[in-house]
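The block underneath contains the structure these notes are about, expressed in structure tokens.
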Amino acid sequence: MKKSLALILAAIITAFSMTACGAADKSFAAADNAAMAEGGYYGWDDDVAWEESVEAESSFDSIDVPAEVPNTSSKSPSQSEIESTSRKIIKNGSLDIETLEYDRFIRELESSVIAVGGYIENFSEYGNSIYNSTSYRSASYTVRVPAEKYDGFINTVGELGTVTNSNHSTEDVTLRYVDVEARLAALTAERDSFMELMEKAETVEDILRIQEYLTDVNYQIESYTSQLNTMKNQVSYSTVRINVSEVQRITPTEPKTVWERISTNLSENMYNISEGFKDFFVGAVSSAPYLVIYGFVILIIVFIVVVIVKASNRRQKKRAEEFARRNEQPRDPEPKQ
């Protein structure tokens, strides 16, 4: 009777704890994926994590733990396990590219991503301004491509335009990958063993203690599973960040002598001067409607001012003549001889 009651309580407690644990695991996994997406390795301090695991295990001293239950605190990958595992390499790269044909470049870039079986993870584009003719379009891509096609994809994209900056990095995560796999396997075996131990428990107190430990083990299993899946994704698909800029003149990338640099600078300065005159001419012509309106307004104002000035001059002249007539003195008649 006691054993049946214990099993019923265990089933109820397991259902509630799995629900709560699942909710916590989802939030933990979301945070873990976000951290790994930024290129980092999410995880707590291993020493602290496993010390807590050991402390949790020590709380079951009153229970007869079967000998077959593995000890995860001392589980670590052996050298043979590491050597037998294929190298796990994460590749990342970035390209800054200039192009004279922006629309063609965008089309061919997206076609190249599809051709290698990759996908565009993020994309942003910036347009030119109608108030500045020297402002051109630009775009930023974050692309994921199969790792085995990384080099070919980089070469293909580099041929679509002029590469002005290129950065590439690799990270060997084999040891970390094997370590996570080993810990995950040990935790899974430990969970299975304690599930068997749960069936042998006869008191509610023992069941609660085992259930508490199983909750912690399940939490760690979910964490390591998320880390392992993220590493698998990063190893299988390389990340390439591409910044493309539309330009009117390609920036030279080959090294030059002093005279070639002087010639290039003179050419650039003459080009900038000619572009300045073009911008001035374009601005003047495009502003013609405003100039016509402003000129018409100015003419009206000048006309009104001239009319007012002339009217004022006529009034002043008229007053001066009237003043002169009023002040004119009559002359004495000449004496007769």
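Only the coordinates and a few stated rules stand behind these numbers; no lab work does. Quantities reported herein were computed from a predicted structural model and do not represent experimental measurements. Virtual Cβ from ideal backbone geometry, glycine too; neighbours counted across all protein chains shown.
Could you check segment 152-170 and list, in sequence order, the residues that are out of contact with any helix residue (DSSP H, G or I) (no Cβ under 7 Å at 6 or more places or on another chain) and either exposed (fewer than 15 other Cβ atoms within 10 Å of the Cβ) or aliphatic (A, V, I, L, M) (or both)?
Of everything in segment 152-170, those that are out of contact with any helix residue (DSSP H, G or I) (no Cβ under 7 Å at 6 or more places or on another chain) and either exposed (fewer than 15 other Cβ atoms within 10 Å of the Cβ) or aliphatic (A, V, I, L, M) (or both) turn out to be G152, I154, N155, G158, E159, V163, N165, S166, N167, H168, S169, T170.
Here are V240, V244: which of them is outside any helix (DSSP H, G or I), farther than 27 Å from D172 by Cβ and of a type in the set (A, V, I, L, M)?
Being outside any helix (DSSP H, G or I), farther than 27 Å from D172 by Cβ and of a type in the set (A, V, I, L, M) holds for just one of V240, V244, which is V244.
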